[in-house]
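Below is one structure, written out as structure tokens; comments come after it.
The values are calculated or read from the model by the stated rules, or taken from the named source; none is laboratory data. The structure displayed is predicted, hence computed values, not measured ones. All Cβ positions, even for glycine, are placed from backbone atoms using ideal geometry, and neighbour counts span all protein chains on display.
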Amino acid sequence: MAFTIDIDTGGTFTDGFVSGPGVARAVKTPTTPHDLTECFLACITAGAGAVGLSVEAFLEQTDVVRFASTVGTNALIERNGAKIGLILSEGGRALAPLEAEGKPGIVSPDMAIEIGAGLSPSQVLDRAQALIDAGAQCLVVALDGSETDPTRERAVRQVIKAEYPRDFLGSIPVFLSSDITVRSGYGERINSAVVSAYSHSRLARLLYKAEQELRARRYRGPFLIGHNDGAVARVAKTRAISTYNSGPAAGLVGARAIGRLYGESDVISADMGGTSFDIGLVSDGQLNVALRPGIEGYRTNVPMNEVEALGAGGGSIAAVVDGVLVVGPRSAGAMPGPACFGLGGSEPTVTDCNLVLGRIDPDNFLGGARRLDAGKAREAVRQHLAEPLGISLEEAALSVVNQVDSSVGAAIAALRHTAKSDPLLTVYGGAGPLHACRVAEMAGLSRIAITPFSAVFSAFSSSLMDVGHGYMCAVEAEGGTPGLREKVAGLVAGMQATALRDMRGEGFDPDSLSWHLNAILRRKDGSEAQVSVEVADPLAPATLAALHEAIAARVPDAAQFATVGLFASAPVPHFSFAERTLGAPAADAAQTGRRAVICGPGPAADVPVFDLERLCPGHALTGPALLESDKTTIWVAPGWQARIDRFANLLLTKG
């Protein structure tokens, strides 16, 4: 049997999704922040167990492994990346992410130097040597104007590499801003290059170690890394900045796929894990892209799928500050976790509050894999919330859950207003389905889709991703400039040649490739927009005409053609949806009991509980109800209907 394995490391849990002919399994293991290879391998082991094989036999029968990691994000949050030596143009220090009093940074002020245009090679080397002698573990060269002419940056690297050739033990990595991005904005190019370099070595160690561990266990297929553009690539073709937020960004790919099942071109994704609540938008069938995304407080100019992270995960800590209830952004994370985990956490979290409300079964959390301590949850809520606020235990827990639902609902409502039609809401993450109905109500939405793999949705979404490489060239020309089309055609030809070379190196036949041509436009007011079109042949005469027609239709007020880009993708094995036969709507056989649940103000209600795994296509029920599995719990709120459709997805509708 040919399996695919997809793994995504989150702040609290590491999720895995295994698929093959007639097989689809979700697994979950605790994240091990001290060494992410441990939870990576634990997830592989859990996947092997789910299909009844030894790890070695499992990997021998696996065609592809895809992996999305948080290590780059963690390096920035924890400030434990590489010590960088930064070489800038004159005036560049004012734009660089330098540490300063009252201002966080990731480069020490004494590790940044400016160089003028007239320096000799020996003078450049002297300044680089001073950074190396001061302890620089890598050098970043970011010179003004290099987005259109990278010659000077390359010359600086050549000088350094002549002194420190790659085959010497003392060789030092040199990163150029022009290799990371060719877009305008000197400060943003500096940030982009520094952010990528900062986590490069730590990420490289993780990924190469993970691959070595796979090879030692008889895996012979490709090891592919999730990128934040919705594709995957080999370790050797991965830049650190491309992995930032790659797990949440993958969720948009899955959300789009769910939308396509139902003919929906506008979809909102809502992912609630242990640390955050991430939301994103698929608009008119296109993944929303952030053109100048912020990465942990640093504005960059490397486009990536746009996902907004809200500090409202299952592990988000609730507290009373100056008499006011505050939820997040602090999180209990994987360690010590919520108070109910019994791992040393004493502050109340969203998970503790859901437990107090009866919406989580302490004896059946993750299918009983982890027993929760309801007493510790109640004590944390009582001590830190109920008593300071002068309200009951249940009122305090309900206030926390309502605040999460309200704040997330408001953020989703803002996304909804940018969509062209009333979007379908896809909810996932281990904690998301507990909040789905009320969040949707707050956002003004009435339709929700939850897949059987919602608890590991980012890993599931990764299973839909193909190998892809993106290329970009600066154009920086006014609309209507003579020779503009010829210039763009020449740049596209060069990018296609590079793409063909890279894809051959990946082992793909040129005939198997798909192409997207895109352009970033700048309006008169300085704002930017991206237009993307799928093309059969990037060099065909009609291709550029199609791009310009799309620009005229979608960005009629474009004043400048800023960049042109080409994205090449090649298919690798991935999951596909299968239709099932619909049965009778009665779901009585899946009911496992009843439980007292706080639905709102007032006494608890006696609510039916169902085994989600035993609900079959055609089954339908009306809220309030709880649907439990070994991966997640779904709260069907009063006023909502639930049914399992022909794709085995759970569809929730209001009214």
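Within region 613-643, track down each residue that is surrounded by fewer than 21 Cβ atoms within 10 Å (Cβ to Cβ), touching a Pro at 6+ places or on another chain (Cβ under 8 Å) and over 19 Å from residue 446 (Cα atoms).
Of everything in region 613-643, just one residue is surrounded by fewer than 21 Cβ atoms within 10 Å (Cβ to Cβ), touching a Pro at 6+ places or on another chain (Cβ under 8 Å) and over 19 Å from residue 446 (Cα atoms), namely 618.
Residues in region 293-305: is at least one among the small types (Gly, Ala, Ser) and within 19 Å of the chain's Cα centre (by Cα)?
At the first step, the residues of region 293-305 found to be among the small types (Gly, Ala, Ser) are 294, 297.
Filter once more, keeping what is within 19 Å of the chain's Cα centre (by Cα): 294, 297.
Among the residues of region 293-305, at least one is among the small types (Gly, Ala, Ser) and within 19 Å of the chain's Cα centre (by Cα), which makes the answer yes.
For region 349-446, which helices (runs of 4 or more DSSP H) that fit wholly inside it have 2 or more residues that are among the polar types (S, T, N, Q) and touching a residue at least 60 places away in the same chain (Cβ under 8 Å)?
350-356, 393-416
Name the one entry in 591, 560 that is polar (S, T, N, Q) and closer than 30 Å to residue 637 by Cβ.
Checking each option against the conditions leaves just 591.
Checking the structure you have, find out if any residue of region 262-282 is closer than 18 Å to residue 450 by Cβ, touching a strand residue (DSSP E or B) at 6+ places or on another chain (Cβ under 8 Å), among the β-branched types (Val, Ile, Thr) and in a helix (DSSP H, G or I).
So far as region 262-282 goes, no, none of its residues is closer than 18 Å to residue 450 by Cβ, touching a strand residue (DSSP E or B) at 6+ places or on another chain (Cβ under 8 Å), among the β-branched types (Val, Ile, Thr) and in a helix (DSSP H, G or I).
List, please: which pairs have Cβ atoms under 6 Å, are six or more places apart or on different chains, and start with a residue in region 15-35 that is closer than 17 Å to residue 247 by Cα and end with one that is of a type in the set (A, V, I, L, M) and assigned to a strand (DSSP E or B)?
Matching pairs, first to second residue: 16/7; 16/27; 17/26; 18/5.
Looking at region 128-147, is at least one residue among the charged types (D, E, K, R), more than 16 Å from residue 180 (Cβ to Cβ) and in contact (Cβ under 8 Å) with a residue 12 or more places away in the chain?
Within region 128-147, none of the residues are among the charged types (D, E, K, R), more than 16 Å from residue 180 (Cβ to Cβ) and in contact (Cβ under 8 Å) with a residue 12 or more places away in the chain.
Among the listed residues 506, 476, which satisfies the condition of being in contact with a Phe, Trp or Tyr (Cβ under 8 Å, 6 or more places away or on another chain) and modelled with pLDDT under 95?
After ruling out the rest, the residue left standing is 476.
Of the conditions (1) at pLDDT 95 or above; (2) closer than 20 Å to residue 580 by Cβ; (3) more than 19 Å from the chain's Cα centre (by Cα), residue 441 satisfies every one except a single condition; which number is it?
Going through the list (1) at pLDDT 95 or above; (2) closer than 20 Å to residue 580 by Cβ; (3) more than 19 Å from the chain's Cα centre (by Cα), residue 441 breaks only (2).
For the structure I just gave you, tell me whether residue 112 is modelled with pLDDT of 95 or more, more than 15 Å from residue 153 (Cβ to Cβ) and in contact with a Lys or Arg (Cβ under 6 Å, 6 or more places away or on another chain). Lay out the reasoning, then the answer.
Working: modelled with pLDDT of 95 or more: yes; more than 15 Å from residue 153 (Cβ to Cβ): yes; in contact with a Lys or Arg (Cβ under 6 Å, 6 or more places away or on another chain): yes.
Taking the combined requirement at face value, the residue satisfies it.
Quick check on region 553-601: of everything there that is exposed (fewer than 12 other Cβ atoms within 10 Å of the Cβ) and in a helix (DSSP H, G or I), which residue is farthest from the chain's Cα centre (by Cα)?
For region 553-601, the residue satisfying everything is 588.
Here is a list: 430, 375, 444. Which entry is on the phi < 0 side of the Ramachandran plot and surrounded by fewer than 20 Cβ atoms within 10 Å (Cβ to Cβ)? Write out each step before concluding.
Numbers: 430 fails: surrounded by fewer than 20 Cβ atoms within 10 Å (Cβ to Cβ); 444 fails: on the phi < 0 side of the Ramachandran plot.
From the options 430, 375, 444, the qualifying one is 375.
State whether one or more residues within region 507-525 are part of a helix (DSSP H, G or I), loosely packed, with under 12 Cβ neighbours inside 10 Å and out of contact with any strand residue (DSSP E or B) (no Cβ under 6 Å at 6 or more places or on another chain).
yes
Report the residue count in region 303-359 for those that are closer than 30 Å to residue 189 by Cβ and either modelled with pLDDT of 90 or more or surrounded by 23 or more Cβ atoms within 10 Å (Cβ to Cβ) (or both).
Within region 303-359, residues that are closer than 30 Å to residue 189 by Cβ and either modelled with pLDDT of 90 or more or surrounded by 23 or more Cβ atoms within 10 Å (Cβ to Cβ) (or both) number 5.
Mind listing whichever residues of region 394-417 are buried (at least 18 other Cβ atoms within 10 Å of the Cβ) and farther than 23 Å from residue 310 by Cα?
Scanning region 394-417 gives a single hit, 394.
Going by the conditions given, is residue 92 crowded, with 19+ Cβ neighbours inside 10 Å, in contact (Cβ under 8 Å) with a residue 24 or more places away in the chain and within 28 Å of the chain's Cα centre (by Cα)?
Details: crowded, with 19+ Cβ neighbours inside 10 Å: yes; in contact (Cβ under 8 Å) with a residue 24 or more places away in the chain: yes; within 28 Å of the chain's Cα centre (by Cα): no.
The answer is no for residue 92.
Closer than 30 Å to residue 409 by Cα and either surrounded by 16 or more Cβ atoms within 10 Å (Cβ to Cβ) or of a type in the set (Ser, Thr, Tyr) (or both): which single residue out of 498, 451, 481 fits that description?
Details: 498 fails: closer than 30 Å to residue 409 by Cα; 481 fails: closer than 30 Å to residue 409 by Cα.
Among 498, 451, 481, only 451 is closer than 30 Å to residue 409 by Cα and either surrounded by 16 or more Cβ atoms within 10 Å (Cβ to Cβ) or of a type in the set (Ser, Thr, Tyr) (or both).
If you go through region 509-519 one residue at a time, how many are out of contact with any Asp or Glu (no Cβ under 9 Å at 6 or more places or on another chain) and either more than 19 Å from residue 221 (Cβ to Cβ) or at pLDDT 95 or above (or both)?
5
Since residue 218 meets every condition but one in (1) without any contact (Cβ under 8 Å) to a residue 24 or more places away in the chain; (2) in contact with an Asp or Glu (Cβ under 8 Å, 6 or more places away or on another chain); (3) not hydroxyl-bearing (Ser, Thr, Tyr), which condition does it not meet?
Result: residue 218 fails condition (1) only.
Being among the hydrophobic types (A, V, I, L, M, F, W, C) and either within 25 Å of residue 195 (Cβ to Cβ) or at pLDDT 95 or above (or both) is true for just one of 64, 23. Which residue is that?
64
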